[in-house]
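The values are calculated or read from the model by the stated rules, or taken from the named source; none is laboratory data. These numbers come from a predicted model, not from an experiment. Neighbour counts run over all protein chains shown; Cβ positions are idealised from the backbone, glycine included.
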């Protein structure tokens, strides 16, 4: 199993200049190769192969006065930039054919030095290393100080150096991990989660996680910094400084949200053998008046974290379809009471008289439906007794 570990790095002034040079050279090679393939398509010629592009825009280009400065950076950085272009085209063509899952991918675009994210990648061929004193030694750049927050489980295969919009530098390592060494001890507990806005998560056992609303809390500061940016003259040094301040304010919000998602997802995976969660149409909800709150919650990122952590630690994540009527069914007797407006937070079952909290009841039903789905996927095992709300094939709530 491949894992990615990211650490903050602190390059010196000379190393920042060297990294800027590497970012620029990788960007130029990417754009040159992309332009060559676009020109070939417009001329009705076959696409140039990677080997042809590498020879023309890397090997031979270094010998010309216009591109002689390409020799100032590691050749591996330039080759990896060409590989990124190949990967972009592969995703684009697979998306056109319909063989790629997810949203449709557009044709690769030209990179700009004003892009909010600049990256270069070093493979083992670049002979980068981690020194005895814990520094990251990169070719043509030198040893860079790393803020190590944890140890790597194995020797990294590649390292990607990233500069984000706020001017921070990161080293992202790809390592191979043996899943057998990280499997947690089996438990006999499972959990159902109902995601929402008033409470980020309401569990089947009645526990609730308040919605942090990181963006809402930082909105005043973000608006203030954005107003200051709009008053700066375009192209001025003060505008560049203010742009970084705006980016840092947004990065602070994003980092806090990511930290919250990581801590909650890890806690749920460690404390439960199986977790059931309802899939939500985030793209559809993002077109409503709740769009800002939906994006602030970050449900998709949270579910993605649950998914890979369940695989990593030997747990089970069950996704319940959004058509399951979790808020319409009584979790006590199974009676379906029909759809309810969002302002109705509690209701009483007309069949058994049980009074339900809307979100808690939904969490219980999602837990029961998750059990039913897991039992259906493993027919050889003895199926657990489904809850009264475990219904399938029902219209959306």
Given (1) under 23 Å from residue 269 (Cα atoms); (2) exposed (fewer than 14 other Cβ atoms within 10 Å of the Cβ), index of the condition residue 124 fails: (1)
Filter result for the condition that a residue is at pLDDT below 95 and not assigned by TED's automatic domain parsing to the domain that holds residue 371, over 197, 136, 152: 152
Take the stretch 128-147 and flag every residue that is under 25 Å from the mean Cα position of the chain (by Cα) and exposed (fewer than 14 other Cβ atoms within 10 Å of the Cβ). 147
For the stretch 102-127, give me each residue that is closer than 23 Å to residue 167 by Cβ and under 22 Å from the mean Cα position of the chain (by Cα). 111, 115, 116, 117, 118, 119, 120, 121, 122
Evaluate the stretch 34-50: report whether one residue or more is within 22 Å of residue 172 (Cα to Cα) and in a helix (DSSP H, G or I). no
Checking residue 2 against (1) farther than 30 Å from residue 179 by Cβ; (2) surrounded by fewer than 18 Cβ atoms within 10 Å (Cβ to Cβ), the condition it does not meet: (1)
Give the stretch 139-163 a look and list any residue that's under 13 Å from residue 16 (Cα atoms) and in contact with a helix residue (DSSP H, G or I) (Cβ under 8 Å, 6 or more places away or on another chain), or say none. 140, 141, 142, 144, 161, 163
One residue from 311, 301, 318 being within 21 Å of the chain's Cα centre (by Cα), touching a residue at least 24 places away in the same chain (Cβ under 8 Å) and surrounded by 19 or more Cβ atoms within 10 Å (Cβ to Cβ): 318
Any idea which of 239, 227, 208 is over 22 Å from the mean Cα position of the chain (by Cα), under 24 Å from residue 319 (Cβ atoms) and in the same structural domain as residue 276 (by TED's automatic domain parsing)? 208
Report, by residue number, each residue of the stretch 304-348 that is in a helix (DSSP H, G or I) and either under 13 Å from residue 194 (Cβ atoms) or in contact with a helix residue (DSSP H, G or I) (Cβ under 7 Å, 6 or more places away or on another chain) (or both). 305, 306, 309, 310, 312, 313
Would you pick out the residues in the stretch 168-183 that are in a loop (DSSP other than H, G, I, E, B) and either exposed (fewer than 13 other Cβ atoms within 10 Å of the Cβ) or at pLDDT 95 or above (or both)? 168, 178, 183
